[in-house]
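The values are calculated or read from the model by the stated rules, or taken from the named source; none is laboratory data. Model, not experiment: these values are computed from the prediction. Note that we place each Cβ from the backbone using ideal geometry, even for glycine, and neighbour counts take in every protein chain shown. Areas reflect the complete protein model, heavy atoms only, side chains present, ligands, DNA and RNA absent. Shrake-Rupley method; radii C 1.70, N 1.55, O 1.52, S 1.80 Å.
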Amino acid sequence: MLAAGLLLHGGAVRAEPGVPDGQIMGTKEDRILWIFPNFRTVEEKEAAPSISNMDKFRIAAKDSFDPYAFPVAAGYAGLSHLTNEYPSWGRGLDGYGHRYVGAFADQTVANMMAGAVFPILLHQDPRYFRLGSGGVAHRTGYAATRVFVTRSDSGGAQFNYSEIAGIAVMAGASNAYYPRQDRSWENTASKFGIQLGLNMIGNICKEFWPDVKRFLVR
């Protein structure tokens with residue numbers, strides 16, 4: 001019911017008649033380092049000017065449940081396990097299992113909230129529009145600031161409320177499935193800040209990965 005309501009909220013937003021329908025989401029070939037899902041990234045000059053609410057859910061779901069999303073969560077869980085983060089979970093297989101579930105839940109909640117739920121409610125476009133040209137400094141600055149700047153469904157620049165709210169919901173919701181001893185405002189704020197920084201780095205990777213890929217495979 002929630003999904004249906006969100007899909008109906010504001011209606012489907014499509015390109016104007018006569019405007020070519022370009023990229024809506026990335027493809028399997030766009031994976032960063034051939035591993036990390038990258039379905040939100042589109043080329044700015046080739047992207048569809050707007051996408052529907054269903055498209056937003058589809059993009060977020062592909063980012064969340066792509067086959068490679070599971071080993072990515074396993075990697076984060078492994079790092080957490082090696083550093084004995086959340087020590088009350090222990091160091092055995094059971095402890096790793098808890099960390100894996102937590103890592104997968106974190107990335108799924110963040111993807112769905114920042115990529116679908118809030119973009120639908122706030123009429124914002126969750127995609128990353130890759131410049132693909134210009135100086136390194138300019139492109140790096142552009143990519144890093146996209147965690148704070150996005151486009152509305154009508155194409156105008158807006159503060160990226162969807163990204164910030166999505167990360168905030170993830171950081172707050174994680175208190176429900178992480179150990180009680182680690183539930184504090186400080187830890188929640190730290191998780192928010194770390195995820196924001198990771199998303200910023202991720203945008204930079206999205207911007208330059210095609211260039212790096214061409215260099216590596218030429």
Does Ile35 qualify as being closer than 21 Å to Trp209 by Cα and modelled with pLDDT under 90?
yes
Out of the residues in region 96-121 meeting the condition of being open to solvent by 20 Å² or more (accessible area, probe 1.4 Å) and among the small types (Gly, Ala, Ser), tell me which one is farthest from the chain's Cα centre (by Cα).
Gly97
Of the residues in region 166-198, those that are open to solvent by less than 30 Å² (accessible area, probe 1.4 Å) and farther than 22 Å from Val42 by Cα number 6
Can you tell me which residues in region 141-162 are within 18 Å of the chain's Cα centre (by Cα) and polar (S, T, N, Q)?
Thr145, Thr150, Ser152, Gln158, Asn160, Ser162
Checked pairs for region 173-198, first under 14 Å from Ala103 (Cα atoms) and part of a helix (DSSP H, G or I), second modelled with pLDDT of 90 or more and of a type in the set (D, E, K, R), C-beta under 9 Å and 6 or more apart or across chains, list as Ala173/Asp106; Ser174/Asp106; Ser174/Lys191; Lys191/Asp106; Gln195/Asp106
Those residues that are part of a helix (DSSP H, G or I) and either over 30 Å from Gln181 (Cβ atoms) or aromatic (Phe, Trp, Tyr) (or both), I need them from region 55-85; list them, please.
Asp55, Lys56, Phe57, Arg58, Ile59, Ala60, Ala61, Lys62, Asp63, Phe65, Phe70, Tyr76
How about region 90-141: which of its residues are farther than 24 Å from Lys62 by Cβ and touching a helix residue (DSSP H, G or I) at 6+ places or on another chain (Cβ under 9 Å)?
Gly90, Arg91, Gly95, Tyr96, Gly97, His98, Arg99, Ser133, Gly134, Val136, Arg139, Thr140
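Yes/no per residue for (1) touching a residue at least 40 places away in the same chain (Cβ under 8 Å); (2) under 30 Å from Gly134 (Cβ atoms):
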residue	(1), (2)
Phe39	no, yes
Pro49	yes, yes
Phe70	no, no
Leu82	no, no
Trp89	yes, no
Asn111	yes, yes
Phe118	yes, yes
Could you tell me which numbered condition Gln124 fails, if it satisfies all but one of (1) under 20 Å from Ile24 (Cα atoms); (2) open to solvent by 40 Å² or more (accessible area, probe 1.4 Å)?
(2)
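Looking only at residues that are of a type outside the set (D, E, K, R) and more than 22 Å from Ala114 (Cβ to Cβ) in region 199-218, which one is least open to solvent (accessible area, probe 1.4 Å)?
My answer is Pro210.
Taking into account only those residues within region 76-95 that are farther than 21 Å from Phe192 by Cβ and within 24 Å of the chain's Cα centre (by Cα), which is surrounded by the fewest Cβ atoms within 10 Å (Cβ to Cβ)? Before the answer, list the steps.
Within region 76-95, the subset farther than 21 Å from Phe192 by Cβ is 78, 81-82, 84, 87-95.
Filter once more, keeping what is within 24 Å of the chain's Cα centre (by Cα): 78, 81.
On the way: Gly78: 15, His81: 23.
Among residues in region 76-95 that are farther than 21 Å from Phe192 by Cβ and within 24 Å of the chain's Cα centre (by Cα), the one surrounded by the fewest Cβ atoms within 10 Å (Cβ to Cβ) is Gly78.
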Looking only at region 180-197, decide whether some residue is touching a Lys or Arg at 6+ places or on another chain (Cβ under 8 Å) and at pLDDT below 95.
no
What number of residues within region 26-37 satisfy the criterion of being open to solvent by 10 Å² or more (accessible area, probe 1.4 Å) and part of a loop (DSSP other than H, G, I, E, B)?
6
